[in-house]
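To keep things clear, I will list the structure first and then write my remarks on it.
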Amino acid sequence: MTPEELRAARDRIVPDVVAGGLRLLFCGINPSLMTAATGHHFAHPGNRFWPVLHRSGFTPRQLLPSEQSELLGLGLGITNVVARATARADELGAEEFREGGAALAKKVERLEPAWLAVVGITAYRTAFREPRARIGPQDRTVGGARVWVLPNPSGLNAHWTVQTMAEEYARLHEAERTS
C-alpha cells in the first residue's frame with residue numbers, strides 16, 4: 001500500500017463478516033487504515049489476530065486476511081465497536097465508543113451469536129461503561145450474547161505475545177465449545 005492509498009482509506013467503513021446464528025462474533029476496536037484499504041479485517045502485517053486465531057484452535061490453519069469469509073463456515077464472524085477506519089485507536093473519543101457499543105448491542109441482538117469476543121479491554125471498558133473489566137469472561141451479556149474480553153492483537157500491544165494471547169483465546173475457545 002502506498003501512503004496515499006492509506007490516507008485515502010481514513011474514515012472508510014469496512015463491511016462486517018457476519019451471518020445470523022454464529023457461535024462467536026469477534027469484535028475489533030475499529031478498522032486500521034490497512035484494513036480499510038484492503039477491505040480485510042486485521043490486515044496490518046503487524047497484527048497478530050490471524051496467527052493467534054489459529055494457535056488457539058479456532059481455525060484449522062492460519063488464514064490470511066483475504067480469506068476472512070472462511071470464518072463464517074466455522075461459525076465465526078468479525079465486526080468492530082467503531083466502524084470507521086483510523087490510523088490509531090486513540091483517535092477515537094469516549095462518546096464514539098459509547099455510540100459504537102450501543103450499535104454493537106443492537107447488531108448482536110439481531111445476529112444472535114452465542115458469544116461476543118471484544119478484542120481490546122480499553123474499548124470494552126469505554127463502550128460499555130465497565131471501567132473495572134478485566135481480560136476474560138464478563139458477568140454481563142451484550143445483545144443476549146455471553147461476553148469475553150480478549151487482548152488486542154495489534155502489534156502495538158507489546159504486553160501480550162502471540163503465545164500468551166493464543167492461551168487466552170484458547171480459554172475462550174474451550175468455554176464456547178463446552179457451553
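In region 58-73 there is no residue that is among the β-branched types (Val, Ile, Thr), over 19 Å from PRO151 (Cα atoms) and assigned to a loop (DSSP other than H, G, I, E, B).
For region 1-46, a residue qualifies if it is part of a loop (DSSP other than H, G, I, E, B), open to solvent by less than 50 Å² (accessible area, probe 1.4 Å) and either out of contact with any helix residue (DSSP H, G or I) (no Cβ under 7 Å at 6 or more places or on another chain) or among the hydrophobic types (A, V, I, L, M, F, W, C) (or both), and the qualifying residues are ALA9, VAL14, VAL18, ALA19, LEU22, ILE29, PRO31, GLY39, PHE42, ALA43, GLY46. Test SER179 against the criterion of being closer than 20 Å to LEU104 by Cβ and hydroxyl-bearing (Ser, Thr, Tyr), and give yes or no. Criteria not met by SER179. Any residue in region 76-90 that is at pLDDT 95 or above, open to solvent by 60 Å² or more (accessible area, probe 1.4 Å) and part of a helix (DSSP H, G or I)? Within region 76-90, not a single residue is at pLDDT 95 or above, open to solvent by 60 Å² or more (accessible area, probe 1.4 Å) and part of a helix (DSSP H, G or I). Taking into account only those residues within region 142-179 that are crowded, with 20+ Cβ neighbours inside 10 Å and among the aromatic types (Phe, Trp, Tyr), which is nearest to ALA102 (Cα to Cα)? The residue in question is TRP148.
When residues in region 47-57 are screened for being part of a helix (DSSP H, G or I), touching a residue at least 24 places away in the same chain (Cβ under 8 Å), surrounded by fewer than 20 Cβ atoms within 10 Å (Cβ to Cβ) and not charged (D, E, K, R), 1 of them pass. Considering region 102-141, the residues that are at positive phi and more than 15 Å from the chain's Cα centre (by Cα) include one that is least open to solvent (accessible area, probe 1.4 Å), namely GLU112.
Quick grid of which residues meet (1) without any contact (Cβ under 8 Å) to a residue 12 or more places away in the chain; (2) aliphatic (A, V, I, L, M):
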{"site": "ALA117", "(1), (2)": "no, yes"}
{"site": "ALA127", "(1), (2)": "no, yes"}
{"site": "GLU130", "(1), (2)": "yes, no"}
{"site": "ASP139", "(1), (2)": "yes, no"}
{"site": "TRP148", "(1), (2)": "no, no"}
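The values are calculated or read from the model by the stated rules, or taken from the named source; none is laboratory data. Quick caveat: nothing in here was measured; it's all calculated off a predicted structure. Every residue, glycine among them, receives a Cβ derived from its backbone with ideal geometry; neighbour counts consider all protein chains shown. The accessibility values were calculated without ligands, DNA or RNA, using every heavy atom of the protein model including side chains. Shrake-Rupley method; radii C 1.70, N 1.55, O 1.52, S 1.80 Å.
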